[in-house]
Every structure is written in C-alpha cells, then in structure tokens.
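Reading through the structure tokens given below for one structure.
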Amino acid sequence: MQLDFDLKSGAKKTPASAPASEPVVLSVGVLSVGVLTRKIRELLESGVGEVWVEGEVSNLRKQSSGHVYFTLKDASSQLACVMFASQAAQLRGMRFADGAQVQIFGQITVYEARGNYQIIVRRVRERGVGALQAKFEELKRRLAEEGLFSPERKRPLPRFPRRIGVVTSPTGAAIRDFLNVLHRRQRGIEVVIFPVRVQGQGAAAEIAEAVRMLGTSADSGIEAVDVIVVTRGGGSLEDLWEFNEEAVARAIAGSPVPVVSAVGHEIDFTISDFAADLRAPTPSAAAEILSADGAELLEHLAQLSSRLQRSVAGRVDAARERIQGFHRTVLFSEPRRVLLQGRQDVDRLSDDLLRGISGGIQSRRLVIERSSGILSSHSPARRISEALAFLIQARTAMGQRCGSLLDAARSELEKNAAVLGALNPSAALARGYTMTLDAEGKFVRSAKTLSDGQSITTQFPDGRVGSVVVVPPQPDDRDGRGM
C-alpha cells in the first residue's frame, strides 16, 4: 500500500480502498538537491515576491565588479542581501555602512548554488524616509492636479542672460561649482547671489522669500535678473527636504522670471524640480545650460562675419556691374539723342493711339447699327401685335363656333322636349284619358288582370278616385242561342 504526496499543496492522497485502521507508509519520489532547491525558490518568489524590509546593515562588502553584498539583521534574525552594480549607484550621497538603519526593497529568492535564501535589493532608503517619501508623493500629486507642473506653463529660458539670480548657500560647494563653470564658459554674466539656508528648520521660508524677491526685483530694490537658479549640493532625502515644501513650489511657479532648479545630484528629484521651468541635474549643469561656450561664440561670430562680408562683397560687385553697364549705354553717352528719339516715339505712339481710338469707335458704331437692325427685326412690339391679331381672330372663330353649337343643342333639346311631351302621361290625361292603378300602384293594362273585389285607383287630370272591381257575370252563349 502506498500514499502519494503533492509537493505543491502538501495534501496527502489516501487510496479509497485503504482501511482507516491500516498503517500508512509514506512514499515520495526521490528529488535531486537542485530540483528541490529550485522548487523552494519558485515557492518563495511566488509566495513572498517583492517586499520592503527594515533592519541594520552588517558585513558590508563591495566587490570590484560594483556589486554590493551585506546582511540585514534585527534582534532575532538576519537576511542575506545582494545589490548589483546597476542599482548600487543610488547609494552615493547616502550614509550606507555597517550599523546603518535602512529600509530595502527587493525580490525574495534562493541562491541555488549554496541553497541560501536572499533578497535581491532594488531600492534602499534610510529608515524613517518612508513617511517623508509618502508626504513627497502626496504633495506632488496634489500640486500636479492643480496644474502647477503642467508643461504648458513652462517658459523658455533667455538665450543670453545678462544677469542671473542664484538662491543658495553662499558657502556651499554648489555655488562654487556654478560660478566656476559659468565664468569659464562665458565671462561677463553678472550673478546676484541671494544667500539662504538650504537645510534645517525655516530654510524653506527663506528660499521661497528669496525667489519672490528676485522675481519682483523692481519692488524689492534689487537689480532685475533675467533668470533665477535655485540650487544646492546633494544629500539624503531629509537633507533636501526643504526643497520639497509647498511654499517653495508655489513661489517658483508664481515667479514672473523663469526659474531653473538644480538641487542635488542626477538621481535626486525634488518638488522644486517639477515646479521650475527647467530642471538641471546638477549646479554645474545649470551653469552650462545658461551660459554659452566662449570659444563656440567666437567661432560662430567669425562665421557670421565671414558670411556677412561675402554677402556685402557680392552685393557691391553686383552694383558695380550695374553701374558700369549703365555707363556703356547710349543714355549716358548721348543723352540728347535719346531724349529727341523719345519725343519722336511719343508723337508716333500718340498718332497710333488716335488712329486706334477712331478705328475702334467706327468698328463699335457698325456693331451697334448691325445689332440695332437685328433687334428691330426681332422687336417684341411686332410680335405682340401679331399675337393680338391672332387672339382677336381666334376669339371671333370661337364665338361663331360656340353659337352654332348652342343653336344645334337648343334644337335638339326642343325636339326631345316635344317627344317627351308626347310621351308624358299627363298629356294623355289632359286629352280625356284616365290611368288605372292597382293597390301596389302598378298600371292596369288589361281587365283580365283584375279580379272581383280588387281595389283600384283611377287617375284623372284633376285627381284620383278609388273603386272596387265588380266583375259582371258572363252571358251564356248557349242560352242566347236557344232564345
């Protein structure tokens, strides 16, 4: 008797024929270590998957390949962690060493070669950053719904700004990097530094006020700037948090002067980056964006100067050729003869014009006369006169025809009336005849149709008389003959 075991569900399947009291013997298929380890890995990856884990970093090792290995532990357990080189770049600027309290996000899996379970780390943040990140995402969502980050409200930066306002710490590395790159690339740009705190309590209010004052420099007594740069060096999320405050975002979005946000490193994003007209990944990149390379400008100016010289020289040569051509014409060599010839041409053209006008008038007169004759032959008056005569003739013929038809109809009517009068029973009555009707009002045409005692009506010219039929006895012919 055998008992099968389902590794996926862990359920035991007992044959229906086995008695309940019979001992059960467990029999499973023999698995290799690799197959079993792979099944365990699949169960972990599908059952646990990606998770956030919090703990203390220990046994940190950074390999020459760029991969980072460490252990995450707490008071009761520890977890092997690996972060590959493509993800390890996010550790720059973060205090990541043994003893650091962090939160990591990654995929739970099994390192099959050793049979150890581990987590492949994709993101790392210092403990306590989770609440700040949630606050960051909520503010970002709310301001985006208001349209504060809309691309349509972004303004272009000036191509060659003459004066730049910089809101930053005057002692930080950000302003030094910015000024070094700016003055190396293009000298002569004025920089107005508005010193503020870029970290700590109250720094956000100072940054927002500085942006407002530079944006309304005419009212603040500050020299007007063409663009504003809000910048600081890199750091953790807590270090950069002042640039995630709503007051800073609204001050940047409401500034009448275009604003560039250059906060932190390339991987750092703040709310000020989304609210600004342009985000620069670093302070140095902001300087490069706002300045033109002096060598490139000189080369470009030289090219423009060369093109301008060639264009002007070409125009001068063309004008010179035209002037020389004018000198070679008769107008410059014999102007009097040209003038006299022009007068003759005017007289000739005047004669040609008069002849043309006269001929044109005569031709138009002939056309008018011919058209007038055609119109006269097709005059509506003549056609109307002919139509009226035809109407009069038709009316006369119609009257005659109607009269003859009416006379014929009258004669036919009189003849029919005479016939009807002759056939009218009333006429016969007037001549002394009577009509006899039976009880149903039908004419009695023969005495043979009457019976003794039948009611009849006799119609006279002046009325009717009712009577009863009395059939007299018929004489006996034989008796008559015997008498």
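Where a number appears in this text, it was derived from the coordinates with a stated rule and is not lab data. On a predicted model such as this, the values are computed, not experimentally measured, just so you know. Every residue, glycine as well, gets a Cβ built from its backbone with ideal geometry; the counts of neighbours run over all protein chains shown.
What's the long-distance tail for the range 305-445, i.e. % of Cα pairs beyond 20 Å? Every Cα pair in the range 305-445 considered, those over 20 Å come to 82 percent. Apply the a/c threshold of 1.5 to the C-alpha gyration tensor of the range 158-295 and tell me whether it is rounded, prolate or oblate. Oblate shape, in that a/c is at least 1.5 and b/c is the bigger or equal ratio.
Restricting to DSSP loop positions (anything but H, G, I, E, B) with no more than 13 other Cβ atoms inside 10 Å of their own Cβ, which GluC sites (Glu not before Pro) remain in the range 405-475?
Listed in order of number, the matching sites are GLU440.
May I ask for the percentage of alpha-carbon pairs in the chain that lie more than 33 Å from each other? In whole percent, the long-distance tail amounts to 75.
For the range 33-127, compute Rg over Rh where Rg is the Cα radius of gyration and Rh is the Kirkwood radius from the inverse mean 1/r over Cα pairs. Display every interim value, and only then the final one.
Details: Rg = 13.4 Å, Rh = 13.7 Å.
With Rg and the Kirkwood Rh in hand, the quotient comes to 0.98.
Give me the compactness ratio for the range 130-169, meaning the Cα radius of gyration over 2.2 N^0.38 Å. In units of the 2.2 N^0.38 Å rule of thumb, it is 1.73.
Go ahead and run the numbers for FRET between TRP52 and ARG155, Cβ-Cβ distance against an R0 of 35 Å, rounding to 0.05. Display every interim value, and only then the final one.
On the way: r = 39 Å, r/R0 = 1.13.
Efficiency for this residue pair is about 0.35.
Using the C-alpha gyration tensor of the range 171-239, what are the square roots of 5 times its eigenvalues, in whole angstrom, with the largest one first?
Working: eigenvalues 92, 75, 11 Å².
They are 21, 19, 8 Å, listed from largest to smallest.
For a straight C-alpha distance cut-off of 16 angstrom, the aspartates and glutamates reachable from LYS62 (same-chain residues fewer than eight places away being disregarded) are ASP98.
Counting 0.36 nm for each residue step from VAL30 to GLU246 and taking away their Cα separation leaves a gain of 71.4 nm. Show log10 I(q)/I(0) for the range 220-359 at q = 0.11, 0.17, 0.20 Å⁻¹, two decimals, from a solvent-free Debye sum over equal Cα scatterers. Reported log10 I(q)/I(0), two decimals: -0.67, -0.97, -1.13. Across the range 429-468 the C-alpha pair distances fall into 5 Å bins from zero in the proportions 6, 23, 34, 22, 11, 4 percent.
Sparse packing (at most 10 other Cβ atoms within 10 Å of the Cβ) combined with a DSSP loop state is found for the following trypsin sites (Lys or Arg not before Pro) in the range 392-483: ARG431, LYS442, ARG445. Of all aspartates and glutamates in the structure, those lying under 16 Å Cα to Cα from LYS448, and not within fewer than 8 positions of it along the same chain, are ASP438. Dividing the Cα radius of gyration of the range 104-195 by its Kirkwood radius returns 1.21 for Rg/Rh. Looking at the range 240-277, none of the chymotrypsin sites (Phe, Trp or Tyr not before Pro) sits in a DSSP loop with at most 15 other Cβ atoms within 10 Å of its own Cβ. Subtracting the Cα-Cα distance of GLN303 and ARG184 from their residue separation scaled by 0.36 nm leaves 40.6 nm. Gyration tensor analysis over the Cα atoms of the range 386-483 returns equivalent ellipsoid semi-axes of 61, 15, 10 Å (largest first, whole Å).
On the basis of the beta-carbon distance and an R0 of 56 Å, LEU388 and GLU334 show a calculated FRET efficiency of 0.10. Could you tell me the ratio Rg/Rh of the range 60-106? Both radii from Cα atoms, Rh via Kirkwood. Radius of gyration relative to Kirkwood radius: 0.94.
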